[in-house]
Amino acid sequence: MTERLEFSSKEKEQALKLYQHIREQIASTLLPDDESRMRRYLLSTIEQYQVSRNIFGLNPILLAFQTAQLIVDEIGLRRDGVLAVLLRPSIEQGFLSIEEVRQQYGESVARILHGLQRIQELYQKNPVVETENFRNLLLSFAEDMRVILIMIADRVNLMRQIRDTDQLDAKREVSEEAAYLYAPLAHKLGLYKLKSELEDLSLKYLEHDAYYHIKEKLSETKKSRDAYIEQFIKPIEERLHEAGMHFHIKGRTKSIHSIWQKMKKQKCPFEGVYDLFAIRIIIDTPVESEKMHCWQAFAIVTSMYQPNPKRLRDWLSVPKSNGYESLHITVLGPEKKWVEVQIRTERMDEVAERGVAAHWRYKGVKSESGLDEWLTNIRSMLETSDGLDAMDQFKMDLYEDEVFVFTPKGDLFKFPKGATVLDFAYHIHSKIGNACVGARINNKVVTIRQQLQSGDQVEIMTSSSQKPRQEWMTIVKTSRAKSKIRLALKETQVKEGLFAKEMLERKFKNKKLELDEPTMQHLIKKMGFKEVSDFYRQIASGELDVNTVIDRYIEIQQGDGPTTGNNVAESAANFVLDESRLPKEHVDEDVLVIDRNLKGVDYQLARCCQPIYGDKVFGFVTVSGGIKIHREDCPNAPELKKRFGYRIVKAKWSGKGSSQYEITLRVIGNDDIGIVNNLTSIISREEKLILRSINIDSHDGLFSGNLTIMLNDTNRMESLIKKLRTVKGVKQVVRL
């Protein structure tokens with residue numbers, strides 16, 4: 001719940017200190033009336049209780065000051081960014097309009113606030129923020145790149161302030177967004193310090209035990225780690241001094257989040273992560289001598305310690321797209337331990353620590369006008385990807401030839417630029433597309449030809465009388481829609497052809513004529529039709545009169561009918577309609593049906609969860625284009641659905657058949673004599689069960705083991721589990 005805003009004495013003191021600090025930093029960029037106007041606005045807002053505390057009970061104006069300090073100190077924004085941040089609470093709660101801001105503070109501040117407002121509206125549509133589509137949509141909404149920088153700083157500040165909140169659900173949601181959305185954005189922009197803080201705080205709030213476990217381990221090993229670092233760098237310092245270089249060296253422990261990721265990736269405990277820290281050699285040298293001195297230091301280090309050539313990263317010759325420059329090498333130090341060494345200059349270190357904002361600082365730019373070139377560079381950075389990027393899974397390439405639109409429920413879909421309402425309808429389902437007559441876009445009725453724009457909310461309108469037409473092929477942009485229209489037109493032609501053929505046969509029967517197929521084929525060719533389907537389509541549409549066809553048929557039969565082959569006509573009464581040639585109706589949903597005879601689709605049962613007939617399942621489209629079938633309760637399912645929701649397909653089993661599937665059962669119990677024989681004898685007595693393998697470990701009077709079994713379905717599996725649980729000494733039987 002929100003509550004009206006009253007400043008506490010502590011909050012007033014904090015706000016005043018922040019105000020003074022920010023003012024000192026941006027004084028040179030302020031216009032004459034900015035400070036007095038801003039002071040009046042803030043006092044008025046506080047006195048009239050115009051804004052309310054947020055869901056965490058935090059003061060939005062104090063939060064704005066804290067965020068403003070972040071964008072000034074860590075990112076380097078000045079007047080326009082700071083004013084936009086301080087005015088944002090009143091804009092969001094409707095007490096101030098963007099037009100009023102434009103008149104009082106100028107176009108640039110208004111543009112930033114407009115971008116922040118658009119992103120706020122985007123959030124209200126409640127899309128799944130973990131998808132790559134949402135990140136791209138957010139970037140496309142940010143007309144001014146300062147909007148993204150402010151959003152990152154705002155989230156860092158909020159994460160700092162919610163440490164002790166009792167609003168746990170909201171805290172979890174904010175933390176998940178920080179991990180999936182804002183940390184990758186910060187990384188792409190080179191804001192490594194803010195990115196690391198977002199990741200560490202997210203881990204602290206989402207996986208409390210893991211965070212404090214690593215933190216305690218780091219504290220326990222600090223003394224020995226510091227001693228090792230000193231032992232490692234001492235000889236390097238001596239050699240660098242001998243070479244006449246000006247430098248300083250520091251050891252940097254990896255972030256807790258980075259260590260946790262390594263533990264998960266390598267499936268090892270804390271003690272198994274060998275590269276807990278990196279040594280950083282920072283050289284003080286003019287820009288023109290940077291590369292020479294960095295490579296000189298590199299040569300000294302690698303002559304003293306054996307390097308690992310596979311671990312060389314040269315971002316000196318070709319910097320990362322976000323401006324990062326450094327030499328990384330891993331060497332074998334004392335006690336046969338691998339140590340990462342980073343070599344860079346003071347300027348490079350500033351860029352690495354403070355992000356791309358450091359670029360224009362080093363160019364000597366004092367005013368905000370110098371930001372334009374830098375902000376342009378940021379946009380180009382967002383449009384590129386780095387092959388050696390440690391966050392490959394969070395690629396956020398911004399494609400200008402794509403649009404992102406919502407369903408009324410807030411689901412987010414991606415389309416090529418130029419896609420229309422009809423493309424959207426066919427993306428939802430072929431039946432929706434076939435019946436589409438238009439749409440409501442942002443509550444405004446439009447035609448099927450209307451092109452989609454990023455951020456549109458689209459609601460399709462349908463009619464039971466609507467049918468696909470040939471000209472629809474020129475309206476749609478996506479190949480998916482074109483193939484579905486082509487299929488629908490073909491099905492329509494088949495239905496119309498069958499209808500016309502039946503009507504023609506009835507007319508022949510009424511006139512007591514026998515319909516001879518060879519004669520009819522001769523007639524169709526003589527009338528100039530290359531395709532039989534075109535002939536019957538014109539009969540169905542009324543373009544060709546049935547009586548005219550019958551008259552021409554009689555002429556041919558009596559005069560110049562074909563004389564080759566069996567020309568004996570059969571009565572229409574003997575005609576039997578081949579139902580297998582009739583078009584089959586679509587099912588209600590596009591669902592992958594898993595069948596041993598399924599052809600044309602490359603699918604496999606996932607090894608991680610071993611689904612069998614009877615399990616609730618879904619399909620996941622792999623990078624190679626094949627489909628992996630997973631159980632709904634697969635341990636990987638939440639992550640797959642969260643990050644790759646657009647690659648999930650519904651799936652269900654077909655008829656039971658005679659297929660056998662592999663499952664693994666985990667059995668735990670007392671290590672009694674004969675217990676393994678009892679387990680295997682139960683399996684051997686069961687029909688259509690095959691024991692593929694058994695792996696048993698025993699220690700301290702207990703045994704645990706995995707049984708790999710082939711069986712038909714979940715009913716047989718559940719029955720088997722119940723029987724195994726009845727064996728004396730068995731404590732637990734679970735499916736892996």
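To keep it simple, each residue is scored yes or no on (1) more than 23 Å from LEU62 (Cα to Cα); (2) open to solvent by less than 10 Å² (accessible area, probe 1.4 Å); (3) at pLDDT below 85; (4) not in a helix (DSSP H, G or I).
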residue	(1), (2), (3), (4)
LEU113	no, yes, no, no
ILE119	no, yes, yes, no
VAL129	yes, no, yes, yes
ASN133	yes, no, yes, no
ARG160	no, no, no, no
**Study point:** Where a residue in region 216-229 is closer than 12 Å to GLY251 by Cα and its partner, wherever it lies, is of a type in the set (Ser, Thr, Tyr) and surrounded by 11 or more Cβ atoms within 10 Å (Cβ to Cβ), with Cβ under 8 Å and at least six apart
**Key:** ARG225/THR253
Revision key, fill the gap. Selection from region 527-541 of residues assigned to a helix (DSSP H, G or I) and open to solvent by 40 Å² or more (accessible area, probe 1.4 Å) yields VAL532, SER533, ASP534, ARG537, GLN538, SER541
Review point. Taking into account only those residues within region 246-282 that are buried (at least 16 other Cβ atoms within 10 Å of the Cβ), modelled with pLDDT of 85 or more and in contact with a strand residue (DSSP E or B) (Cβ under 9 Å, 6 or more places away or on another chain), which is farthest from ILE229 (Cα to Cα)?
Key: ILE259
**Study point:** Single residue of region 695-736 satisfying the filter (β-branched (Val, Ile, Thr) and out of contact with any helix residue (DSSP H, G or I) (no Cβ under 7 Å at 6 or more places or on another chain)) that is nearest to ASP671 (Cα to Cα)
**Key:** THR726
Practice item. State whether one or more residues within region 43-50 are out of contact with any strand residue (DSSP E or B) (no Cβ under 7 Å at 6 or more places or on another chain), farther than 16 Å from VAL85 by Cβ and modelled with pLDDT of 85 or more. Key: no
Revision key, fill the gap. Condition set surrounded by fewer than 19 Cβ atoms within 10 Å (Cβ to Cβ) and part of a helix (DSSP H, G or I), scope region 72-100, selection farthest from the chain's Cα centre (by Cα): answer is GLU100
Review point. Looking only at residues in region 683-695 that are touching a Leu at 6+ places or on another chain (Cβ under 6 Å) and of a type in the set (Val, Ile, Thr), which one is least open to solvent (accessible area, probe 1.4 Å)?
Key: ILE683
Point to revise | Among the candidates SER289, SER303, SER321, residue that is more than 30 Å from LYS217 (Cα to Cα), open to solvent by less than 50 Å² (accessible area, probe 1.4 Å), out of contact with any strand residue (DSSP E or B) (no Cβ under 6 Å at 6 or more places or on another chain) and at pLDDT 90 or above | key: SER289
Practice item. Please enumerate the residues belonging to region 15-54 that are in a loop (DSSP other than H, G, I, E, B), open to solvent by less than 90 Å² (accessible area, probe 1.4 Å) and among the aliphatic types (A, V, I, L, M). Key: LEU30, VAL51
Exercise for review: Looking at (1) modelled with pLDDT of 85 or more; (2) assigned to a helix (DSSP H, G or I); (3) not small (Gly, Ala, Ser), find the lone condition where LYS641 falls short.
Suggested key: (1)
Check your understanding: Somewhere in region 469-479, is a residue within 31 Å of the chain's Cα centre (by Cα) and small (Gly, Ala, Ser)?
Key -> yes
Practice item. Could you tell me whether region 667-684 includes any residue that is within 25 Å of CYS634 (Cβ to Cβ), among the charged types (D, E, K, R) and either touching a strand residue (DSSP E or B) at 6+ places or on another chain (Cβ under 6 Å) or not in a strand (DSSP E or B) (or both)? Key: no
Point to revise | Complete set of residues in region 600-623 that are open to solvent by 40 Å² or more (accessible area, probe 1.4 Å), assigned to a strand (DSSP E or B) and either free of Cβ contacts under 8 Å to residues at least 60 places away in the same chain or acidic (Asp, Glu) (or both) | key: TYR603, GLN604, LEU605, VAL621
Check your understanding: Does ARG225 qualify as being charged (D, E, K, R) and touching a Phe, Trp or Tyr at 6+ places or on another chain (Cβ under 8 Å)?
Key -> yes
Practice item. Might you check whether a residue that is within 29 Å of ILE152 (Cα to Cα), surrounded by fewer than 20 Cβ atoms within 10 Å (Cβ to Cβ) and at pLDDT below 90 occurs anywhere in region 218-225? Key: yes
Exercise for review: Please specify each residue of region 414-428 satisfying the condition of being more than 22 Å from the chain's Cα centre (by Cα) and at pLDDT below 90.
Suggested key: GLY418
Practice item. Can you work out which of the residues in region 662-675 that are modelled with pLDDT of 85 or more and open to solvent by 30 Å² or more (accessible area, probe 1.4 Å) is nearest to ARG692 (Cα to Cα)? Key: GLU662
Check your understanding: Just checking, how many residues over region 624-653 are open to solvent by 70 Å² or more (accessible area, probe 1.4 Å), within 15 Å of the chain's Cα centre (by Cα) and under 23 Å from HIS429 (Cα atoms)?
Key -> 2
Check your understanding: Among TYR212, TYR182, TYR205, which is the only one that is on the phi < 0 side of the Ramachandran plot, part of a helix (DSSP H, G or I) and either surrounded by fewer than 18 Cβ atoms within 10 Å (Cβ to Cβ) or out of contact with any helix residue (DSSP H, G or I) (no Cβ under 9 Å at 6 or more places or on another chain) (or both)?
Key -> TYR212
Check your understanding: Which of the residues spanning region 721-736 are more than 36 Å from the chain's Cα centre (by Cα) and either surrounded by fewer than 13 Cβ atoms within 10 Å (Cβ to Cβ) or more than 21 Å from CYS608 (Cα to Cα) (or both)?
Key -> LYS722, LYS723, LEU724, ARG725, THR726, VAL727, LYS728, GLY729, VAL730, LYS731, GLN732
Point to revise | Contacts under 6 angstrom Cβ, first residue in region 332-353 being farther than 16 Å from TRP295 by Cα and acidic (Asp, Glu), partner open to solvent by less than 10 Å² (accessible area, probe 1.4 Å) and in a helix (DSSP H, G or I), 6 or more apart | key: GLU350/ALA358
Point to revise | Residues (open to solvent by less than 80 Å² (accessible area, probe 1.4 Å) and either in contact (Cβ under 8 Å) with a residue 40 or more places away in the chain or part of a loop (DSSP other than H, G, I, E, B) (or both)) located in region 696-719 | key: GLY701, ASN706, LEU707, THR708, ILE709, MET710, LEU711, ASN712, ASP713, THR714, MET717
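The values are calculated or read from the model by the stated rules, or taken from the named source; none is laboratory data. Computed from a prediction, not measured in an experiment: that's the story for all the values here. Note that each Cβ is placed from the backbone with ideal geometry, even for glycine, and that neighbours are counted across all protein chains shown. To get the accessible areas, we keep the full protein, side chains included, count just its heavy atoms, and leave off ligands, DNA and RNA. Shrake-Rupley method; radii C 1.70, N 1.55, O 1.52, S 1.80 Å.
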